Structure formats: C-alpha cells, structure tokens
1. In the stretch 67-108, how many residues are of a type in the set (Gly, Ala, Ser) and in contact with a Gly (Cβ under 9 Å, 6 or more places away or on another chain)?
2. Go through the stretch 98-112 and give me each residue that's over 28 Å from GLY2 (Cβ atoms), part of a strand (DSSP E or B) and open to solvent by less than 50 Å² (accessible area, probe 1.4 Å).
3. Does at least one position in the stretch 113-123 carry a residue that is part of a loop (DSSP other than H, G, I, E, B) and either open to solvent by 30 Å² or more (accessible area, probe 1.4 Å) or charged (D, E, K, R) (or both)?
4. Considering the stretch 47-78 alone, what residues qualify as being among the aromatic types (Phe, Trp, Tyr) and outside any strand (DSSP E or B)?
5. Collect the residues in the stretch 3-40 that are among the hydroxyl-bearing types (Ser, Thr, Tyr) and open to solvent by less than 50 Å² (accessible area, probe 1.4 Å), keeping them in residue-number order.
6. All but one of (1) within 25 Å of PHE131 (Cα to Cα); (2) within 16 Å of the chain's Cα centre (by Cα); (3) in contact (Cβ under 8 Å) with a residue 12 or more places away in the chain hold for ASN15, so report the exception by its number.
7. Could you identify the single residue in SER53, SER89, SER85 that is without any contact (Cβ under 8 Å) to a residue 24 or more places away in the chain, surrounded by fewer than 17 Cβ atoms within 10 Å (Cβ to Cβ) and farther than 22 Å from ALA18 by Cα?
8. Report yes if ALA95 is hydrophobic (A, V, I, L, M, F, W, C), in a loop (DSSP other than H, G, I, E, B) and out of contact with any strand residue (DSSP E or B) (no Cβ under 7 Å at 6 or more places or on another chain), otherwise no.
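The values are calculated or read from the model by the stated rules, or taken from the named source; none is laboratory data. Small disclaimer: the values here were computed from a predicted structure and weren't measured. As a convention, Cβ positions derive from the backbone with ideal geometry for all residues, glycine included, and neighbour counts pool all protein chains shown. These accessible areas exclude ligands, DNA and RNA; they are computed on the full protein's heavy atoms, side chains included. Shrake-Rupley method; radii C 1.70, N 1.55, O 1.52, S 1.80 Å.
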Amino acid sequence: KGKEITADTALSVFNGAASGSGLTAVSLTKVYNGNGTGGQFENTAGLLKLGTSKVNGQMVLTFSKKVAKVEILSHGWKTGTDKVSVNGSAEQQLANNGTASTLTFNLDGSSETITIDVAQRAFIFKIIVTFVG
C-alpha cells in the first residue's frame, strides 16, 4: 500500500489483468500501488493512487490499436480540487464524497496513446479503453 510502482511492473500487471488489450508500453509519474496514509481510502490496496501533495500524477498507456474512448472509475483525495484529463482534454472534477464515479473521455480515434493527467491526487479503481472499430 502506497508504494510507487515502476512502468515495467505496471505493464506486466495491466497485461495480466486485461489479456489481449494490445498494451505495448507504460510510462508513469507518481503512480502508487494503493494508498498508504491520509485522504480517502486510507491504508487501502487494490487501487492506483496518482499524484502527491507536491507532484501531479501521470500515466501514459500505449496500445497497438487506436483509442476511441476512455472511462475511468475514480475518486479524489480530499481537497475538492482534484481533477483528471485525458490527452489534453478539459479537466473533469473528481468526486470527493466517499463513492467512486466514472468519468468518460471521448477521443478522436487518431492515437494509440492515452495520457491520463491528474491535478493534485486521484484514486483510480478501473480504466476501460474502447478501441476504434
């Protein structure tokens, strides 16, 4: 809980959880396996925490197929200023009421790469990627 994960570990775990996804590369900035202390979901495993109090989190996922839509089941830390965007889209506010909610990002389908940027901190429980075609 609360341990920063490497790109190699994430690639292995993500491909193990979603075989056939076509995920070929992962790049991470301040992404943690679960939450240690503080904020919502304190001392909780089984989720990803992106960001710290001083550094925003980012996850870049590259697939072998073009991406049309990304859905992220997520929740904010506690500040009420936690936001997420995908591929430079307008930021969407994260819920901060104890219940995760799904944010949907419709993409133009021209890229195999999705970049998830978090302002402040976020907990991510699930990422659903829909491919073109």
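1. 3
2. Within the stretch 98-112, no residue meets the criteria.
3. Yes, the stretch 113-123 contains at least one residue that is part of a loop (DSSP other than H, G, I, E, B) and either open to solvent by 30 Å² or more (accessible area, probe 1.4 Å) or charged (D, E, K, R) (or both).
4. TRP77
5. The answer is SER21, TYR32.
6. Going through (1) within 25 Å of PHE131 (Cα to Cα); (2) within 16 Å of the chain's Cα centre (by Cα); (3) in contact (Cβ under 8 Å) with a residue 12 or more places away in the chain one by one, ASN15 breaks only (3).
7. Going through SER53, SER89, SER85 in turn, the sole match is SER89.
8. Against the criterion (hydrophobic (A, V, I, L, M, F, W, C), in a loop (DSSP other than H, G, I, E, B) and out of contact with any strand residue (DSSP E or B) (no Cβ under 7 Å at 6 or more places or on another chain)), ALA95 does not qualify.
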